[in-house]
Amino acid sequence: METLKYFLPQVWFVILALFLFLYVMLDGFDLGVGILSLTSSDEKRRGILMTSLSNIWDANETWLVLMAGGLFGAFPLAYGTILTALYIPIFTMVFGFTFRGVAFEFRELSNRKILWNLAFGVGSFTAALGQGFALGAVLEGIRVDEAGHFIGTSWDWLSIPSVLVALTLIQGYVLIGSTYLVWKTTGELQQTHYKTAKIAAWTTLLGAIFITISTPIFYESVRSRLFQQPLVYIFAVIPVLGVWLIWQLLNSLNRKEERAPFVWTILLFVLTFIGLGLIVFPYIIPMQITIYQASADPSSLVIMLIFIGFLIPVMLFYNLYQYIVFRGKVTGGEYGE
């Protein structure tokens, strides 16, 4: 039983990290395309962008729901503390989701699409901004008492580092959204998003460099962890690999490749998640509450694990099948005509 108390929280930490990564990767390009729709020069182009999402965007958000449910069941203390501390960013994200969801459906039936176009783009930006502030606040650390309960204020999430994280995350979403559109579109629209992908790659790189340099300066707890043995060697390699991936991404964009930029961007996201996971583990609320302190009873974790063990393969198969079926180019459609 003592072994399970240490092993099961680690398993659930990995599962929740997987859910979060799949959400950021899949709904990331979804939100990125929504943000890019604000820059579309005409209705037909905007219609093609939205058509590229019409058959997949609902399923992408399922991973966020699974992550929230898993966090509630596996780490109830962390769930309550994080939601209390990040009420405003999370409400902002939900507000953005609501706006973009309603706009996506109403736009199809509307004769005057301008308002719904704006609502979809602004909703996407708002949802991404809320996520960025939430991520920045979690990485910065949430103030809790000895029992793990939140003791800060409603505005603790707002700081210069969290603003930098939010802006960098938005650029990352624009990057993966641009590379997705390079893959899915043709002609002049594709050429436009080769350009937006290059711009987003450079801005994401600059944001990542600034965060990498400033985080150890601002936060002593992170600084001490970064220079621990043997993690110091891993953290020394990750930035080098990140720059190499950006270089490969830019080369693939210059060569006008279609699928390779999206693959390089996904690998960049994978590397980022590995780095964040190594910094955070074993804390579920950095650097205050560990996964062992916040975990539910082992029997509850086992029951949830059995259920999730059946659900994950089904969800992965569904997502994979969906992308295989709708893998072709988008050249027009009901939204653009």
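In debye to the nearest 20, how big a dipole does the chain give about its Cα centre with +1 on each Lys and Arg Cβ and -1 on each Asp and Glu Cβ? Intermediate values should be presented prior to the final figure.
Details: 19 positive and 20 negative charges, 182 e Å.
Roughly 880 debye for the chain.
Peptides 132-145, 91-104, 150-163 ordered by packing proxy, namely the average of other Cβ atoms within 10 Å per residue, highest first: 132-145, 91-104, 150-163. Using a probe radius of 1.4 angstrom, the carbon and sulfur fraction of the accessible surface of the chain is 71%.
Whole number in Å², please: accessible area per residue of the chain, 1.4 Å probe, ligands, DNA and RNA not counted. Spell out each step's value before the answer.
Working: 16570 Å² over 337 residues.
Accessible area per residue, the chain: 49 Å².
Give the cross-link partners of residue 256 among the lysines, using a straight C-alpha distance below 20 Å as the criterion and excluding same-chain residues fewer than 8 apart. List returned: 184, 195, 198, 329.
The values are calculated or read from the model by the stated rules, or taken from the named source; none is laboratory data. Bear in mind the structure is a predicted one, so any value in this text is a computation, not a measurement. Cβ coordinates were reconstructed from backbone atoms using ideal geometry, including for glycine residues, and neighbour counts include every protein chain displayed. The protein model used for the area step is the full one, side chains on, heavy atoms only, and it has no ligands, DNA or RNA in it. Shrake-Rupley method; radii C 1.70, N 1.55, O 1.52, S 1.80 Å.
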